[in-house]
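The values are calculated or read from the model by the stated rules, or taken from the named source; none is laboratory data. Please read these numbers as outputs of a predicted model, since none were measured by experiment. Note that we place each Cβ from the backbone using ideal geometry, even for glycine, and neighbour counts take in every protein chain shown. Heads up: the accessible areas ignore ligands, DNA and RNA and are worked out on the full protein's heavy atoms, side chains in. Shrake-Rupley method; radii C 1.70, N 1.55, O 1.52, S 1.80 Å.
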Amino acid sequence: MTDDDARWIARARAGEAAAFRHLVDANGAALFRVCARITGDRALAEDAVQEALLNAFRHLADFDGRSALSTWLYRIAVNAALAQVRKRRDLEVAWPQGDGDAAMPFDAADQSPTPDREAMSSEIRRDVEAELARMSPIERAAFVLRHQEGRSLEEICAVLSINVSSAKQAIFRAVRKLRAALEAPGELA
Amino acid sequence: MNPITDDDLVLYRYRDGLDAARIEQIAAALAESPALRERYAAIERAIAHFDSQEIEPDPDIGARLWRRLSPQLEEAGVVASSSPGMLERLRAWLTPPQARFAFALAATVLVAIGVGFVVGRQTVTAPPPQMVASNEVDAAAAARVLEAYVAANLRATEGVLLTASNSGDASLLEGNRELAQSLVESNRLYALAATRAGNTQLATFLRQLEPVLLSLANQPGTATIQSSEDLRHFLDSTDLLFQVRTIEARLDRTGKRRAANDGDSRI
């Protein structure tokens, strides 16, 4: 924990609104990014960040200072994002579901934007979104943390409270589902 | 050598979850085998598509989160209620006891002057009946003039607040104090004028500004970094700057609308 963190935390623990506001400004955007990557939805991400910060601030006394404040908030935010995705799935209003049989071949080497190709590109995007929707919250979170957040497998395990083998399997499944959206049936190994 | 699976290639991509020997094996195999390279490229392409899903935060994400969080934190008893705390925070910001005394004295004198001003105006200058009609005709124009002056005053107030909270330059702060002194008087007069015009919301807001301007006008000559920081915290916690800007913009808009309407009615 940095001295700056410690100073703001002390003020926040004393109930100073300005200190909480500072912590929101300092961490809000970064937390939103990771929540948006996990939820794939702006509104859900913002709800997750708000929930996470409220939860964190209410339990600020529990923060032991062994890690950076941003790391502690990050962990809470990732789990809040997972909870938002699960809640949304329970309500069956998650991302749109594709039929899974409409995957189109994709040639990455030739992407000139002709009308046909643009149509194909939007179709592929829909397929990718459908595959992303099929990822379980843990698969998506593990993949986001590894690929976009650059977290190591050990860190992913700590954040998601799973073991290394489960983290690896979650990432493998996420990548397979992404490939399924982009490759013709039968091409998958 | 163990066969290289797609899962191995995923781990290889991130150089994570594989020992150094396995990483070397895969690197060598990739250099030798076009088929393996194609499998690796397919994984890269799939992963690259995920990056196109990026959602960037709005620039005002912090302010929006705070607007939602602040009442929840108050409700949960994590922070003190902000509305009654404004003057308390200002009081805390006025740390030197002599400044507190000067503030109290100046506030008392101004309140006395203000009461005398209002009472004097009411008893001496009651308009004769024949002037009422022309006063009503000019009411819109008078309101427009008042709004324009108040907007200009708020712009100057905003500048004073920003300079006081961000500048460490002694000569700049000295000039800022003088400007704050002049704004105290005009701010008080505009508050009275707004009350007389029936705009109680604006009058209340301007009255809230007065103690802030007074304390800036009476700031010690050697303002410290700490005092600037305290002012920044005070401004953050009360959203005072935001309110000043909002009301300033609203007055500008109303003024333009009134001017347009006046132009239409003259045609």
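Key figures for this structure:
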quantity: Residues of segment B:26-37 satisfying the condition of being under 12 Å from residue B:9 (Cα atoms) and open to solvent by 70 Å² or more (accessible area, probe 1.4 Å); calculated: B:37
quantity: Exclusive hit being in a helix (DSSP H, G or I), touching a Gly at 6+ places or on another chain (Cβ under 8 Å), open to solvent by 20 Å² or more (accessible area, probe 1.4 Å) and modelled with pLDDT under 90, set A:126, A:117; calculated: A:126
quantity: Condition check for residue A:22: without any contact (Cβ under 8 Å) to a residue 24 or more places away in the chain and surrounded by 16 or more Cβ atoms within 10 Å (Cβ to Cβ); calculated: yes
quantity: Test result for residue A:90, modelled with pLDDT under 60 and away from chain B (no Cβ under 14 Å); calculated: no
quantity: Positions within segment A:9-18 being buried (at least 23 other Cβ atoms within 10 Å of the Cβ) and closer than 16 Å to residue A:59 by Cβ, in sequence order; calculated: A:12
quantity: Residue satisfying all of: in segment B:1-25; in a helix (DSSP H, G or I) and among the basic types (Lys, Arg); most open to solvent (accessible area, probe 1.4 Å) among these; calculated: B:13
quantity: Flag if residue B:63 is on the phi < 0 side of the Ramachandran plot, at the interface with chain A (Cβ under 10 Å from one of its Cβ atoms) and open to solvent by less than 60 Å² (accessible area, probe 1.4 Å); calculated: yes
quantity: Qualifying residue in segment A:28-39 (condition: at pLDDT 90 or above, assigned to a helix (DSSP H, G or I), surrounded by fewer than 21 Cβ atoms within 10 Å (Cβ to Cβ) and more than 10 Å from chain B (Cβ to nearest Cβ)); calculated: no
quantity: Any chance residue B:250 is modelled with pLDDT of 80 or more, surrounded by 13 or more Cβ atoms within 10 Å (Cβ to Cβ) and in contact with an Asp or Glu (Cβ under 7 Å, 6 or more places away or on another chain); calculated: no
quantity: Sole residue being within 7 Å of another protein chain (Cβ to nearest Cβ) and within 29 Å of residue A:136 (Cα to Cα), chosen from A:73, A:82, A:54; calculated: A:54
quantity: From A:42, A:66, residue being open to solvent by 60 Å² or more (accessible area, probe 1.4 Å), of a type in the set (D, E, K, R) and within 11 Å of another protein chain (Cβ to nearest Cβ); calculated: A:42
quantity: Leading residue by the ranking (modelled with the lowest pLDDT) among those in segment B:66-90 that are part of a loop (DSSP other than H, G, I, E, B) and more than 7 Å from chain A (Cβ to nearest Cβ); calculated: B:81
quantity: Failed criterion for residue A:9 (all others in (1) touching a residue at least 60 places away in the same chain (Cβ under 8 Å); (2) farther than 22 Å from residue A:162 by Cβ; (3) part of a loop (DSSP other than H, G, I, E, B) hold); calculated: (3)
quantity: Residues that are on the phi > 0 side of the Ramachandran plot and within 10 Å of chain B (Cβ to nearest Cβ), drawn from segment A:132-167; calculated: A:150
quantity: Filter result (open to solvent by less than 80 Å² (accessible area, probe 1.4 Å) and either in contact with a His (Cβ under 8 Å, 6 or more places away or on another chain) or in a helix (DSSP H, G or I) (or both)) within segment A:46-63; calculated: A:46, A:47, A:48, A:49, A:50, A:52, A:53, A:54, A:55, A:56, A:57, A:60
quantity: Verdict on residue B:47 being touching a His at 6+ places or on another chain (Cβ under 9 Å) and either over 24 Å from residue A:180 (Cβ atoms) or at pLDDT 60 or above (or both); calculated: yes
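Table: residues versus (1) under 23 Å from the mean Cα position of the chain (by Cα); (2) open to solvent by 10 Å² or more (accessible area, probe 1.4 Å).
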{"site": "B:176", "(1), (2)": "yes, yes"}
{"site": "B:182", "(1), (2)": "yes, yes"}
{"site": "B:189", "(1), (2)": "no, yes"}
{"site": "B:192", "(1), (2)": "no, yes"}
{"site": "B:196", "(1), (2)": "no, yes"}
{"site": "B:203", "(1), (2)": "yes, no"}
{"site": "B:206", "(1), (2)": "yes, no"}
{"site": "B:215", "(1), (2)": "yes, no"}
